[in-house]
Each structure stands twice: as C-alpha cells, then as structure tokens.
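Q: Below are the structure tokens for one structure; questions will follow.
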Amino acid sequence: DIVMTQSPLSLPVSPGEPASISCRSSQSLLYSNGYNHLDWYVQKPGQPPKLLIYLGSYRASGVPDRFSGSGSGTDFTLKISRVEAEDVGIYYCMQALQTPITFGGGTKVEIK
Amino acid sequence: QVQLLQSGAEVKKPGASVKVSCRVSGNSLSGLSMHWVRQAPGKGLESLGGFDPQEDQIMYAQKFQGRVTMTEDTSTDTAYMELRSLRSDDTAVYYCTTKTYGHSVQSYWGQGTLVTVSS
C-alpha cells in the first residue's frame, strides 16, 4: 500500500495569513494520463471529509479560490492564500492512484 | 446527486463480526468504485479497501487482509463491509465513500456508522 506522509501535524495561523501543508507519497502518483492522483480533503468535527482539491491541483465545486494545490510525482502542497476562521479543521491528503486509497496523517489548522 | 445511506450504530463483543451496509441512491452501484474508510476516536482516516476498476475487483488494505470482506449487491445498489475477529481497537466510525467523474470530480461519503467493540 502507498504510504502518505503529511507535515506539519499542527498549524496555527493568524486570520488573513497564508498557510501551507506538505504531503509526500512513497511512490509517484503521476499516472500515464499525465495527472497526479492526489486529493486534498478537510474534515470538521462530527462530519465526513469534504473534497477540496482533486488530481493534485483542481478545485472541487464550490471551493473558494484561496485554496490551491500544487506538486507532482511524490511531493505535493496545499496552500491557503489568506486563512479565514471557517478554514479551521483537519486537512488530509489522499492518494487515489492505487486501491486501497490511503491518507496522510492529517494537519490540524487552527486560528491563533 | 449521489447519496450514500449507511446502516446504524453497532455494539459488538471482542471476537465477533460486524457487517455495515451502504445503500446508493442517485446512481447505480455498478457504475461506481466504492471504498471503505474508518476513523477511530480522535484519530485519522484509514482505508480498509475498495473496488479497483483497473483490476476489476475489490482490493483490501494489507492490514485487514483475511479479516475483512467487501461485497456488492447491484440488485439493491447496496455495498457491504464485514469485519471479523473484532478487537477493541476496531472501535471507530466506518464510512463508505465514492466519487463521480463528470465536468468535475464529486466526492460522496456516507454519514458514518459507529462500531463499538467492548466486552
């Protein structure tokens, strides 16, 4: 199974400041179709995860443009350009290249 | 719009088995790749396995090989996940999840089923 490693574990951010989360996979997520099969999710208490970014860099429907995903192969980044109070939650990267899908350990974003 | 409706909470004793269901509406189960993910209290997301369209079969996470069985009943659009030889550390919320691919990708999750393993 592909191992996903995220950092940092916790990310305190002041409102209006940028935030960045890193994710590394144990093998390349770049498929022959040219797409990286890497998704980003956010989970809030008592809810299932919500998709933010798919195929490495494509924002899911309704996701604000302050969220962006980048990277290729084994190294990926989720950036929030200006953190808002509603962005608190636990962020997970997930590889969708192979079954079983696998997740990073999560990054807790909180407001300072 | 796809909806995933899971069965209700379960309490099981160590060594028992549990079978969780996930009924699909708004789409046909046969057109989806269903996956099962769990989350222990205060912990992260852990995949148990799912349908691999490239292999055309269900693939299980190595950790759960031999202890989990996933099945699908396309006549009722219901997916099932059975976990055997339950231990206390299997206590978790179990989710079914899938995606659809159209103009953009949509991700769908069931509401979660809490499985509590306790003597």
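Q: Using Cα pairs under 8 angstrom and six or more residues apart, how large is the relative contact order of chain A, in percent?
A: 38
Q: Considering amide H positions built from the backbone, and no H for Pro or chain starts, which residues 5 or more places from A:LEU52, or on another chain, come under 5 Å of its amide H?
A: Amide H neighbours of A:LEU52: A:TRP40, A:TYR41, A:VAL42.
Q: Follow-up question, since we're still on this one. Past 29 Å, Cα to Cα, is the threshold; run B:LYS12/B:LYS43; A:LYS79/A:LYS112; A:LYS112/B:LYS43; B:LYS13/B:LYS63; A:LYS108/B:LYS19; A:LYS50/A:LYS112 against it and keep the listed order.
A: A:LYS108/B:LYS19
Q: What base-10 log of the normalised intensity I(q)/I(0) is obtained for chain B from the Debye formula, alpha carbons as equal point scatterers, at q = 0.20 Å⁻¹?
A: Each listed q corresponds, in turn, to -1.11.
Q: Sticking with this one: Stokes-Einstein D for region A:1-44 at 37 °C, 0.692 mPa s, Kirkwood Rh over Cα pairs, in µm²/s?
A: So the translational diffusion coefficient is about 255 µm²/s.
Q: Over chain B, with the other protein chains present, what is the accessible area per residue in square angstrom, probe 1.4 angstrom?
A: On a per-residue basis, 49 Å².
Q: Under 5 Å between amide hydrogens, which residues at least 5 positions from B:THR91 or on another chain qualify, with H placed 1.01 Å from N in the peptide plane?
A: B:VAL117
Q: Using Cα-Cα distances under 8 Å and only pairs 6 or more residues apart, what relative contact order does chain B have, in percent?
A: With pairs under 8 Å counted, the relative contact order is 37 percent.
Q: Between chains B and A, what is the buried accessible area in Å², counting both sides, with a 1.4 Å probe and ligands, DNA and RNA left out, to the nearest 100?
A: Protein heavy atoms only, the B-A interface buries about 1700 Å².
Q: Apply the Karplus curve 6.51 cos²θ - 1.76 cosθ + 1.60, θ = phi - 60°, to the phi angles in region A:34-51 and return the couplings in whole Hz, x for Gly and Pro.
A: Per-residue couplings from phi come out as x, 9, 8, 8, 10, 10, 10, 10, 10, 10, 10, x, x, 10, x, x, 10, 6 Hz.
Q: Would you please give the FRET efficiency between B:THR76 and B:GLU55, computed as 1/(1 + (r/R0)^6) with r the Cβ-Cβ distance and R0 = 25 Å, to the nearest 0.05?
A: Once the sixth-power term is evaluated, E becomes 0.55.
Q: While we're here: 5 Å is the cut-off here: which amide hydrogens, built 1.01 Å from N in the peptide plane, fall below it relative to B:MET34, excluding neighbours closer than 5 in sequence?
A: Hits under the 5 Å cutoff: B:PHE51.
Q: Can you give me the Cα centroid spacing of region B:1-34 and region A:1-55 in angstrom?
A: 25
Q: Return the carbon/sulfur percentage of the accessible area of region B:37-119, one whole number, probe 1.4 Å, all protein chains in place.
A: Looking at region B:37-119 in its full context, I get 46 percent from C and S.
Q: Could you order the peptides B:104-114, B:38-48 from most to least packed, using the average number of other C-beta atoms within 10 Å per residue?
A: Ranked from most to least packed, the peptides come out as B:104-114, B:38-48.
The values are calculated or read from the model by the stated rules, or taken from the named source; none is laboratory data. It should be emphasised that the depicted structure is a prediction, and the values quoted were computed from it without experimental measurement. Ideal geometry is used to build each Cβ from the backbone, glycine not excepted, and the neighbour counts take in all protein chains shown. Ligands, DNA and RNA are excluded from the accessible area calculation, which covers all protein heavy atoms including side chains. Shrake-Rupley method; radii C 1.70, N 1.55, O 1.52, S 1.80 Å.
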